[in-house]
Amino acid sequence: MSEIKKITDAIIKFRDDRDWEQFHNSKDLAVALNIEAGELLELFLWRGAEEAEPEKVKEELADVFNYAFLIAEKYGFDIEQIILEKLKTNATKYPSDKAKGTAKKYTEL
Ligand SMILES: [Mg+2]
């Protein structure tokens, strides 16, 4: 069993042990993911980039991942496949010979 499948199964077990699937429609999962991303962002508010506490960053990042996994599961997406496909797409948009060392958007390369 892949590590991604093990993680997904653990998240689903956590959800099902609490009978929370009834609340987990795709819209509310996306909202929750963004709220957790906001909590991650808040750790950096009014601070320098290196001043956020790593332990708190770890917790909020895990919350973001949990909701991302739940959304992927809801749509039946293969997480490894969709990440690798998107990397391939991004590699086309940002060819290394043009994008290396620059933060320009692909439309400006
Ligand atoms: Mg959180």
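Any read-out appearing in this document is the output of simple, stated calculations on the displayed coordinates, not a laboratory observation. Small disclaimer: the values here were computed from a predicted structure and weren't measured. Backbone-built Cβ (ideal geometry, glycine too); neighbour counts: all protein chains shown.
Estimated from the Cβ-Cβ distance and a Förster radius of 35 angstrom, the FRET efficiency linking Ile12 and Trp46 is about 0.40.
With n ≥ 4 as the cut-off for DSSP H runs, can you work out [θ] at 222 nm for the chain, using -39500 (n - 2.57) per run divided by the number of residues, rounded to the nearest 500? Please report the intermediate quantities before stating the final value.
On the way: 5 runs with 73 residues, N = 109.
Estimated from H runs of four or more residues: -22000 deg cm²/dmol.
Working from label points 7 Å from Cα in the Cα-to-Cβ sense, the Glu3 to Ser26 distance is 2.9 nm. Counted by Cβ distance under 13 Å from Lys104, the other residues give a net charge of +3, where Lys and Arg count +1 and Asp and Glu count -1. Compute the Cα gyration tensor for the chain, then decide on rounded, prolate or oblate, letting a ≥ b ≥ c be the square roots of its eigenvalues: rounded whenever a/c is under 1.5, prolate when a/b is larger than b/c in the other cases, and oblate in all that remain. Cα axes put the chain in the oblate bin. Straight Cα distances below 15 angstrom link Lys100 to the aspartates and glutamates Glu108, with same-chain residues fewer than 8 positions distant left out.
Within the set Lys27/Lys105; Lys56/Lys86; Lys56/Lys105; Lys6/Lys74; Lys13/Lys74; Lys27/Lys88, which residue pairs have Cα atoms separated by over 22 Å?
Details: Lys27/Lys105 28 Å; Lys56/Lys86 28 Å; Lys56/Lys105 30 Å; Lys6/Lys74 16 Å; Lys13/Lys74 14 Å; Lys27/Lys88 27 Å.
Over 22 Å Cα-Cα: Lys27/Lys105; Lys56/Lys86; Lys56/Lys105; Lys27/Lys88.
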